[in-house]
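The values are calculated or read from the model by the stated rules, or taken from the named source; none is laboratory data. Computed from a predicted model, the values in this text were never measured in an experiment. Cβ sites come from the backbone with ideal geometry, for glycine too, and all protein chains shown count toward neighbours.
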Amino acid sequence: MDIEPIYCAEQIKIPPNLADALKAYTKEVIRANPEDIIAFSCNYFAKLADYSSNLVVDATPDLDQIKQVSATMAQIESPTAGDFAKVCTQVGISPEILERAFTLDSPDFDSANAVVLLLTMVSSNLENLLELTFEVLGSEHHLPVSKITGILEFLSTRDESVTASMKDKLKAALEGKEVASINEIKATLFSPEE
């Protein structure tokens with residue numbers, strides 16, 4: 001470990017993946033809420049180091065791969081988690097990426113939610129994630145309101161930035177509608193309060 005003092009900003013060299021590593025670590029700490037954060041951290045980073053050393057392929061899927069997965073899954077009647085894993089492998093998304101992203105053995109598997117989780121890997125924030133969701137899952141950038149609210153509900157179980165008030169605000173704005181556009185969603189969720 002380098003213990004040289006830092007006297008100026010030019011001495012600071014930030015590794016390109018530091019932000020992603022800290023974000024993932026922070027989410028795990030918040031999710032686990034450990035009593036002993038030092039012990040938890042040691043265990044977390046030991047497991048991460050072990051996992052990383054055994055990882056052969058660690059390429060984040062790209063948007064085209066995710067679009068291929070979505071299009072193929074849309075053609076399968078009553079798709080299962082196994083179908084999803086197989087399609088992902090066929091388009092070049094490694095099983096390691098799937099394991100890192102989510103558990104496929106959930107009894108309530110939903111392919112749209114699985115696609116959204118893949119999209120979280122290529123999106124920069126919640127607004128961008130919703131834009132990509134409409135691009136990949138939507139028809140002419142429109143989605144059924146039931147699908148939008150279902151996706152937002154699903155995201156709220158994994159991302160604390162999707163709040164109950166956000167879901168309530170969206171539900172009120174979309175009441176009585178069958179489909180909505182990304183612009184309506186963005187105006188409702190991301191426009192400043194007046």
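Condition check: at pLDDT 75 or above, of a type outside the set (Val, Ile, Thr) and either in a loop (DSSP other than H, G, I, E, B) or not assigned by TED's automatic domain parsing to the domain that holds LEU132 (or both). Does TYR7 satisfy that?
Judged against the criteria, TYR7 is not a match.
Closer than 25 Å to PHE190 by Cβ and modelled with pLDDT of 90 or more: does that describe VAL136?
Here the answer is yes, as VAL136 does meet what is asked.
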